[in-house]
1. Working only within the stretch 288-322, note down all residues that are part of a strand (DSSP E or B) and either free of Cβ contacts under 8 Å to residues at least 24 places away in the same chain or of a type in the set (D, E, K, R) (or both).
2. Inspect all residues belonging to the stretch 451-473 and state whether any of them is open to solvent by 10 Å² or more (accessible area, probe 1.4 Å), of a type outside the set (Phe, Trp, Tyr), more than 19 Å from residue 342 (Cα to Cα) and in a strand (DSSP E or B).
3. How many residues, within the stretch 151-172, are out of contact with any Lys or Arg (no Cβ under 9 Å at 6 or more places or on another chain) and of a type in the set (D, E, K, R)?
4. Return yes when residue 285 is in contact with a Gly (Cβ under 7 Å, 6 or more places away or on another chain), part of a loop (DSSP other than H, G, I, E, B) and at pLDDT below 85 and no when it is not.
5. Here is a list of conditions, (1) more than 16 Å from the chain's Cα centre (by Cα); (2) at pLDDT 95 or above; (3) buried (at least 24 other Cβ atoms within 10 Å of the Cβ); (4) over 15 Å from residue 132 (Cα atoms), and residue 448 meets all of them except one; can you say which number that is?
6. Could you look through the stretch 298-312, keep only residues that are open to solvent by 10 Å² or more (accessible area, probe 1.4 Å) and within 22 Å of residue 258 (Cβ to Cβ), and pick out the one that is modelled with the lowest pLDDT?
7. Just name the residue that is farthest from residue 339 (Cα to Cα) out of those in the stretch 387-411 that are in contact with a Ser or Thr (Cβ under 6 Å, 6 or more places away or on another chain) and not in a loop (DSSP other than H, G, I, E, B).
Amino acid sequence: MSKPKNRTGSGWALLLLSIATEFGCAPTNNVIGVKRTVAANNGSGGTTTGGGTAGEGTTTGGGTAGGGTTTGGGTGDSHGGTAGSVPSGLSGASGAGGSPLATGGTVSSGGSFAGSGGLAVPGAIAFSDPVEYDTGDSPRSLALADLNADGRLDLIVSNWIGGSVSVLLGKGDGRFEAKVDYAAAATANWVTLGDLNSDGMLDVALTTFGSDTVKVLLGAGDGSFGPMTSYPATQGMFSAALGDVNNDGKLDLATSLSPGASASASVFLGDGAGQFAAPRYFTNASASFCVALQDLNGDGKLDLARANPDENSVSILFGTGDGSFVTGADYATGQYPIFVSFGDLNSDGKLDMVTADAYSNEAGVHLATGNGEFAPRVGYATENYPNHLSLADLNGDQHLDMIVVNRITGWLTVRAGHGDGTFAERVEYETGTRPSRLPEMAAVGDLNADGVPDLAVVNSQSDSVSILLATHTN
């Protein structure tokens, strides 16, 4: 395992320039600590850790909803359902863009789970050097789930140029089988998993950018998928989130829309048989890169959050429970926010908001004040161009930690959470060994059955997914 070292002085500036210019020309041994003190607000007391008992189905990343923990693939409702085949001692936690659990469960791209008692040695966060596996051409997003019901987490990746999704079945020891590709569409963008046809098996919902369609591939339960079905839309789409927005017990799909679109978000209502109705559009801001579904005001209805990069803001739209939304408030972020995630950072039972502010090179923390409202932003430094982040308890201390993907430099920024809404100094990890990586997204899950969350990262330039296994230090 690599040992930390400080980045200081002009040498660090030159290294940053080299990495940014050459797309990842950096040392192979990469655990490098960077010190930066940031003033932050203290949260109020109380401890709320998600529970969830093991049930039938598959599991991995999800999101917290209504104060309860949800993990994809199991059965339950949208506010604290039961988890499916969760490794001992682990439970769901807030996923970056992850969706609350509706009947059948969901696993959204970049979703993550946290260990709540499964770690043998809580303490320092550390990961091994990355091991890379081939994907399709220009992977954009990924999700972790048990796709073949063998109790091991598998990988599914969307490939932008390849126009496909790649499935890599997990061996349960941190290694994966070679990819199997399934045809999707050109500009395959955001992959999301959920039981769309109520058969207890995970299916794929995939947004595309150029073809302006949502693609659905129904899962067979053995790690394979059936033929693709297309659902037309009138706008190009970026991210997606699954959740029951009209409280009918069936999964619906929310998407963010591309620049130049006449709307900013859309919702496809699901029929529970694997099909979606024509989209409904919402126009309260310019185009967005990211949407998330969470119950932010505790009324039992899913709300929608959108990151608005051109307006340097996040918009909150409150759900009415019938599939429609009303405008809430906009919150100022750093420059060019392109991702938003939610989790209880200060143990007060409220979902806090964190954004990846790409042009500010910061993650912005907005602590919840109640009723779906948030305090002003506190920024934490990242590397160059943070474009994705996840929240998960990496070290078993019952506090959510932050994992940020930095696209230009090709590094991960990891900060341990203190449980009061503040975070420790950052530590960086390389996302791969191949040159010109351009990492896009990370997902968190226990890949080698040791009870400790590991990381998977897709690298669009090197056509790979990197696995970083957690290591233990006191």
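The values are calculated or read from the model by the stated rules, or taken from the named source; none is laboratory data. Source: prediction; values computed, not measured. Glycine gets a Cβ as well: all are built from the backbone with ideal geometry, and neighbour counts include every protein chain shown. Side chains are part of the model used for accessible areas, which takes the heavy atoms of the whole protein and leaves out ligands, DNA and RNA. Shrake-Rupley method; radii C 1.70, N 1.55, O 1.52, S 1.80 Å.
1. 303, 306
2. The answer is yes; a qualifying residue exists.
3. So the count comes out to 1.
4. Against the criterion (in contact with a Gly (Cβ under 7 Å, 6 or more places away or on another chain), part of a loop (DSSP other than H, G, I, E, B) and at pLDDT below 85), residue 285 does not qualify.
5. All conditions pass for residue 448, except number (3).
6. Checking each candidate, the answer is 310.
7. For the stretch 387-411, the residue satisfying everything is 392.
The rows are residues; the columns are (1) small (Gly, Ala, Ser); (2) without any contact (Cβ under 8 Å) to a residue 60 or more places away in the chain.
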site: 403; (1), (2): no, no
site: 407; (1), (2): no, yes
site: 411; (1), (2): no, no
site: 415; (1), (2): no, yes
site: 419; (1), (2): yes, no
site: 423; (1), (2): no, no
site: 428; (1), (2): no, no
site: 432; (1), (2): yes, no
site: 437; (1), (2): no, no
